[in-house]
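Heads up, the thing below is written out as structure tokens.
The values are calculated or read from the model by the stated rules, or taken from the named source; none is laboratory data. Fair warning: this is a prediction, and the values are worked out from it, not measured in the lab. Cβ placement follows ideal geometry from the backbone for every residue including glycine, while neighbour counts extend to all protein chains displayed.
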Amino acid sequence: MHFEAGIEFAQALDHEDPLSRFREEFSIPAQPDGSQEIYLCGNSLGLQPRRARDYVNQELDKWATLGVKGHFDCEFPWMPYHEFLAESSANLVGAHSDEVVMMNSLTVNLHLMMVSFYRPSATRYKIVIEDHAFPSDHYAVESQLRHHGIDPEDGLLLLKPREGEELLRLEDITALIEEQGDSIALLLLPGVQYYTGQVLPMAELTELAHQHGISVGFDLAHAVGNIPLQLHTWNVDFACWCSYKYLNSGPGSVAGCFVHRRHAQNTQLPRFAGWWGHDKQSRFRMENRFQPIPTAEGWQLSNPPILSLAAIRASLDVFSEAGGMGPLRSKSEKLTAYLQFLLKSEVGEYISIITPEDLEQRGCQLSLSCNARHLSGRQLFQRLEEHGVTCDWREPNVIRVAPVPLYNRFADVYRFVEILKAACEE
Ligand SMILES: Cc1ncc(COP(=O)(O)O)c(C=O)c1O
Ligand SMILES: Nc1ccccc1C(=O)C[C@H](N)C(=O)O
């Protein structure tokens, strides 16, 4: 990709961007003076699709005017409401619609999946995660081990980058699996690492783990809506994601879950059950003999929060109108490459990028560390915020910046680097 300096170049890129009109679909937060923020934080909380308000209001209106009848005879009845999200969610993760369900929240789904896919035996009982896993994942895994009476000191294998490095290497993961494979029950890794932005080779990891009889789950919090995924073809056992980052579905909105068809159709697979996972035809017969739906829906516990699902439906409709991950990824690669180009040419002496440069190994996000002697990373982050940039800071030493293809412009990236440069030179 060829880039040039100067705002005119950024504006030209925006002008020829086939997705530029989608920015209008979103509410962009404003600064105190009324101008729009430079919002580069879609990796943490995606912006609100304007239509989310209409979709949510539609459900509030149904509740007001129809009461309980909103479950049945109306547009988008609540009883099957989650089904309206299945196909477009499945498209985003490369799954069949019977392999995906939106339910609960991410950590809850991780637990539910571990109930089914982490069933330790006396000899195969270890779980592999990364040393720097998102804390909620770490807590969830540790508590699962303890729940089975296994000491995490023994049962938890933590993947660490090499001394002096930040990224994980496939060869190191391979070595661990080849060394201890017989004792490992589950490999649980992120699709995109939240701190470094590194994309892990999910297809290779899945194949490798399966060769050693290990189940594989992915936490796709930072991957879904960001990078192309092929969960079905990759033969992943399960995956979970939240919907409030790149999926723009609102704070704490309902999460997603993938169960590969070969498991979903196995109604004998142990699980924690609830009535919403029970066969739809006989659910209301109240017979108390649990018969799971032979799809990912068979893991649902409760009837879902419709207001949250309505916001997700709004967002998924925007993704579909944009043409799905194909066009979004094309723009994203360009947007992030442009960010990298400007960072290197404008602030290379103060900032280093820890995210891999290889397009296969990164999504929207670049994780930056500050090398300036006169200024700490945290101080730099504060200066950015004071000047209208929203990105985020993660301990111990990273500023995460994520231009997203649905609503960020090349001009946002340009302006960000301009502000960053001034802050470094202040
Ligand atoms: C990688 C990862 N795992 C887990 C979580 C926690 O998600 P939740 O609060 O929906 O359980 C997050 C973000 O909040 C995350 O980024
Ligand atoms: N839900 C939140 C509420 C408040 C503050 C942050 C979050 C995040 O989601 C953090 C994100 N998971 C991260 O990658 O750091």
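Computed quantities for the displayed model
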read-out: Any hit, region 128-139, residues being loosely packed, with under 14 Cβ neighbours inside 10 Å and either out of contact with any Leu (no Cβ under 8 Å at 6 or more places or on another chain) or not assigned by TED's automatic domain parsing to the domain that holds Phe258 (or both); value: yes
read-out: Residue check for Gly46: farther than 30 Å from Ala140 by Cβ, in a loop (DSSP other than H, G, I, E, B) and small (Gly, Ala, Ser); value: no
read-out: Extreme residue, nearest to ligand 2 (Cβ to nearest atom), among residues of region 84-113 that are part of a helix (DSSP H, G or I), more than 17 Å from Pro292 (Cβ to Cβ) and among the hydrophobic types (A, V, I, L, M, F, W, C); value: Leu106
read-out: Complete set of residues in region 388-403 that are away from ligand 2 (no atom under 14 Å from the Cβ) and at pLDDT 95 or above; value: Gly388, Val389, Pro403
read-out: Residue under evaluation Arg53, criteria (1) among the charged types (D, E, K, R); (2) within 24 Å of Leu328 (Cβ to Cβ); (3) outside any helix (DSSP H, G or I), criterion not met; value: (3)
read-out: Subset of region 230-282 (residues that are surrounded by fewer than 19 Cβ atoms within 10 Å (Cβ to Cβ) and within 16 Å of ligand 2 (Cβ to nearest atom)); value: Pro251, Gly252
read-out: Residue count for region 307-323, restricted to those that are over 10 Å from Val254 (Cβ atoms), within 18 Å of the chain's Cα centre (by Cα) and of a type outside the set (S, T, N, Q); value: 6
read-out: Where His222 falls short, out of the listed (1) under 24 Å from Gln144 (Cα atoms); (2) outside any loop (DSSP other than H, G, I, E, B); value: (2)
read-out: When residues of region 264-306 are limited to those that are aromatic (Phe, Trp, Tyr) and more than 21 Å from Val236 (Cα to Cα), the one nearest to the chain's Cα centre (by Cα); value: Trp276
read-out: Some residue of region 369-388 being out of contact with any Phe, Trp or Tyr (no Cβ under 6 Å at 6 or more places or on another chain), within 16 Å of ligand 1 (Cβ to nearest atom) and in the same structural domain as Pro32 (by TED's automatic domain parsing); value: no
read-out: Restricting region 114-139 to residues that are of a type in the set (Gly, Ala, Ser) and away from ligand 2 (no atom under 16 Å from the Cβ), the residue that is nearest to Arg271 (Cα to Cα); value: Ser116
read-out: Flag if Ser253 is over 25 Å from Ile353 (Cα atoms), free of Cβ contacts under 8 Å to residues at least 60 places away in the same chain and within 10 Å of ligand 1 (Cβ to nearest atom); value: yes
read-out: Residue check for Ile227: β-branched (Val, Ile, Thr), away from ligand 2 (no atom under 16 Å from the Cβ) and at pLDDT 95 or above; value: no
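One line per residue, one yes/no per condition, for (1) closer than 26 Å to Leu168 by Cα; (2) crowded, with 19+ Cβ neighbours inside 10 Å; (3) touching a strand residue (DSSP E or B) at 6+ places or on another chain (Cβ under 9 Å):
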{"site": "Gln300", "(1), (2), (3)": "no, yes, yes"}
{"site": "Asn303", "(1), (2), (3)": "no, no, no"}
{"site": "Ile312", "(1), (2), (3)": "no, yes, yes"}
{"site": "Phe319", "(1), (2), (3)": "no, yes, no"}
{"site": "Ala322", "(1), (2), (3)": "no, yes, no"}
{"site": "Gly348", "(1), (2), (3)": "yes, no, no"}
{"site": "Gln382", "(1), (2), (3)": "no, no, yes"}
{"site": "Ile399", "(1), (2), (3)": "yes, yes, yes"}
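Yes or no, residue by residue, for (1) of a type in the set (D, E, K, R); (2) assigned to a strand (DSSP E or B); (3) free of Cβ contacts under 8 Å to residues at least 40 places away in the same chain:
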position	(1), (2), (3)
Val128	no, yes, no
Ala133	no, no, no
Ala140	no, no, yes
Pro161	no, no, yes
Glu171	yes, no, yes
Thr174	no, no, yes
Ile177	no, no, no
Leu187	no, yes, no
